[in-house]
1. Which one of these is out of contact with any Phe, Trp or Tyr (no Cβ under 6 Å at 6 or more places or on another chain), among the hydrophobic types (A, V, I, L, M, F, W, C) and crowded, with 18+ Cβ neighbours inside 10 Å: 161, 154, 210?
2. Could we say that residue 99 is hydrophobic (A, V, I, L, M, F, W, C) and modelled with pLDDT of 90 or more here?
3. Can you tell me which residues in region 160-190 are assigned to a strand (DSSP E or B) and among the charged types (D, E, K, R)?
4. Any idea how many residues of region 64-106 are without any contact (Cβ under 8 Å) to a residue 60 or more places away in the chain and under 18 Å from residue 14 (Cα atoms)?
5. Looking for something loosely packed, with under 13 Cβ neighbours inside 10 Å, without any contact (Cβ under 8 Å) to a residue 24 or more places away in the chain and within 24 Å of residue 116 (Cβ to Cβ) - is there at least one such residue anywhere in region 22-42?
6. Could you please find all residues in region 26-42 being under 10 Å from residue 5 (Cα atoms) and either outside the structural domain of residue 114 (by TED's automatic domain parsing) or outside any strand (DSSP E or B) (or both)?
7. Name the residues in region 6-19 that are buried (at least 18 other Cβ atoms within 10 Å of the Cβ), assigned to a helix (DSSP H, G or I) and not β-branched (Val, Ile, Thr), would you?
Amino acid sequence: MTKAIIIEDEKLAVNAITHALSEISFDIQIETVLSSVEEAKVFLSSSPEIDIIFSDVQLSDGLSFEIFNSIEIKSPVIFITAFDEFMMTAFEHNGINYLLKPVTEKDLEKALFKYQMLKKHFSHQNEAIRKLTSYHSAERKKNRMLVKRGLEYISLRLDDIILFYTENKLIYVIDTAGKKYLSEKNLSELEEILDNSRFFRANRQYIINIDFIKGFKTFDRVKLLVDLKVPEINHNIIISQENSSQFREWMYNA
């Protein structure tokens, strides 16, 4: 018997997963269904013996990654979500598979077969997950994101994004043509999905693309002022004292 939990806040999705699991050959016992980040933290903090977790990414009170960042969990996770942009982050949080809704019996059966194949390696879980993450990172790398302009949704290449910034509780995206778009994700969510070797969270207001940084200089003695290659982008981007060392290292290692 394989003990499992489901972390999902949509009742229809829970019903679809439980029905699909009941139809396939694997002997799965659902211990509980958890509908929020906080509920999952409380349950998993009690160290229950769980063999596998089926989890959505976007829950009513945040991203499920917050659960795995807060609590050390050794159980492998099969992520089931409607969005593909969290794939790379998922494989950094015990993910062994990433399924897109609507999930089918065939999808789950293949995912559980992979779980069985990897099960013997779970005593060395960190290495197994690292190898699996590397495999999927090589297999698929996110290079576009959806942004909004007026009523239109536009698929924008990450290579063409100079920076993200927040103003009046909205998140804006500026591209190489100087055009401004709206992002439906906040800066914290963008940090999760962007390649941190290319994008840096400068401060509470900005995330910047290293390809458009000309250089930087000392500002106000302990801060740094970023010089962009695109002068018409009139934004003063200041790296705080707390982030300056990390920013220098990021630039040096680029």
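1. Values: 154 fails: crowded, with 18+ Cβ neighbours inside 10 Å; 210 fails: crowded, with 18+ Cβ neighbours inside 10 Å.
Result: 161 is the single residue among 161, 154, 210 that is out of contact with any Phe, Trp or Tyr (no Cβ under 6 Å at 6 or more places or on another chain), among the hydrophobic types (A, V, I, L, M, F, W, C) and crowded, with 18+ Cβ neighbours inside 10 Å.
2. Working: hydrophobic (A, V, I, L, M, F, W, C): yes; modelled with pLDDT of 90 or more: yes.
Yes: the conditions hold for residue 99.
3. Restricting attention to region 160-190, the residues satisfying the condition of being assigned to a strand (DSSP E or B) are 161-167, 170-175, 180-183.
167, 175, 180, listed by residue number.
4. Looking only at region 64-106, we keep the residues that are without any contact (Cβ under 8 Å) to a residue 60 or more places away in the chain, and these are 64, 66, 68-79, 81-84, 87, 90-100, 106.
Cutting the leftovers down to under 18 Å from residue 14 (Cα atoms) gives us 64, 77-79, 81-83, 97-100, 106.
Going through region 64-106 one residue at a time, the tally reaches 12.
5. Taking region 22-42 first, the residues loosely packed, with under 13 Cβ neighbours inside 10 Å are 22-23, 25, 27, 29, 42.
Still in the list and also without any contact (Cβ under 8 Å) to a residue 24 or more places away in the chain: 22, 42.
Narrowing further to those that are within 24 Å of residue 116 (Cβ to Cβ): 22.
There is at least one residue in region 22-42 that is loosely packed, with under 13 Cβ neighbours inside 10 Å, without any contact (Cβ under 8 Å) to a residue 24 or more places away in the chain and within 24 Å of residue 116 (Cβ to Cβ).
6. Of everything in region 26-42, just one residue is under 10 Å from residue 5 (Cα atoms) and either outside the structural domain of residue 114 (by TED's automatic domain parsing) or outside any strand (DSSP E or B) (or both), namely 40.
7. Answer for region 6-19, where residues must be buried (at least 18 other Cβ atoms within 10 Å of the Cβ), assigned to a helix (DSSP H, G or I) and not β-branched (Val, Ile, Thr): 13, 16.
The values are calculated or read from the model by the stated rules, or taken from the named source; none is laboratory data. Owing to the predicted nature of the structure, the values given are computational and were not obtained by experimental measurement. We place every Cβ from the backbone using ideal geometry, glycine too, and count neighbours over all the protein chains shown.
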